[in-house]
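To start, the structure itself, in structure tokens.
The values are calculated or read from the model by the stated rules, or taken from the named source; none is laboratory data. In this text, all values refer to a predicted model and were calculated from it rather than measured experimentally. When we count neighbours, we look across all protein chains shown, and the Cβ atoms used for this are built from the backbone with ideal geometry, even at glycine. Side chains included, ligands, DNA and RNA excluded: accessible areas come from the protein's heavy atoms. Shrake-Rupley method; radii C 1.70, N 1.55, O 1.52, S 1.80 Å.
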Amino acid sequence: MIISILGIRGILLNRRNILIMSMPIESMLLAVNLNFLVFSVSLDDMMGQSFASLVPTVAAAESAIGLAIFVITFRVRGTIAVKSINCIQG
């Protein structure tokens with residue numbers, strides 16, 4: 001619970017750089033993964049552990065796609081500031 005609250009707080013406080021905003025999202029994924037493991041052990045069920053093994057693959061895919069978007073945005077606009085990303089519409 002504390003890790004997810006810190007992740008939400010990190011997103012709300014760091015609104016200048018989109019790269020720094022993505023780090024608390026990863027910590028919230030870590031909190032969800034930890035909750036899966038804890039409840040899986042406490043309920044004696046393997047389903048939470050199987051979900052916990054899938055979370056790192058989702059986190060890696062999210063990081064790769066996010067980094068590609070950051071690189072393209074930096075090449076086009078010259079910055080990855082949140083203020084300049086607000087004008088992206090598709």
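Counting heavy atoms of the protein chains only and a 1.4 Å probe, report the per residue accessible area for the range 1-77 as a whole number of Å². List each step's numbers first, then the result.
Details: 5730 Å² over 77 residues.
In whole numbers, the range 1-77 has 74 Å² accessible per residue.
Among 56, 36, 73, flag the residue with its Cα farthest along the positive direction of the charge dipole of the range 1-77, charges on Cβ as +1 for Lys/Arg and -1 for Asp/Glu.
Result: 73, furthest along the dipole toward the positive end.
From largest accessible area down, sort 69, 11; use a 1.4 Å probe on the protein chains. Write out the running numbers ahead of the final one.
Numbers: 69 95, 11 40 Å².
Final ranking, largest accessible area leading: 69, 11.
Taking the Cα centre as origin and putting +1 on Lys and Arg beta-carbons and -1 on Asp and Glu beta-carbons, what dipole magnitude results for the chain, to the nearest 20 debye? Please list the in-between numbers first.
Working: 6 positive and 4 negative charges, 148 e Å.
Dipole of the chain, to the nearest 20 debye: 720 debye.
Considering amide H positions built from the backbone, and no H for Pro or chain starts, which residues 5 or more places from residue 79, or on another chain, come under 5 Å of its amide H?
Under 5 Å from the amide H of residue 79 lies no amide H from a residue far enough along the sequence or on another chain.
So if a site counts as exposed when it's one of the trypsin sites (Lys or Arg not before Pro), its DSSP state isn't H, G, I, E or B, and it has at most 13 other Cβ atoms within 10 Å, what's the longest stretch of the chain without one?
Numbers: sites that count: 15, 16.
The longest uninterrupted stretch comes out as 17-90.
I want to verify the translational diffusion coefficient of the range 1-54 in µm²/s; compute it with Stokes-Einstein, Rh as the Kirkwood radius over Cα pairs, at 4 °C and 1.567 mPa s.
On the way: Rh = 11.9 Å.
The diffusion coefficient I find is 109 µm²/s.
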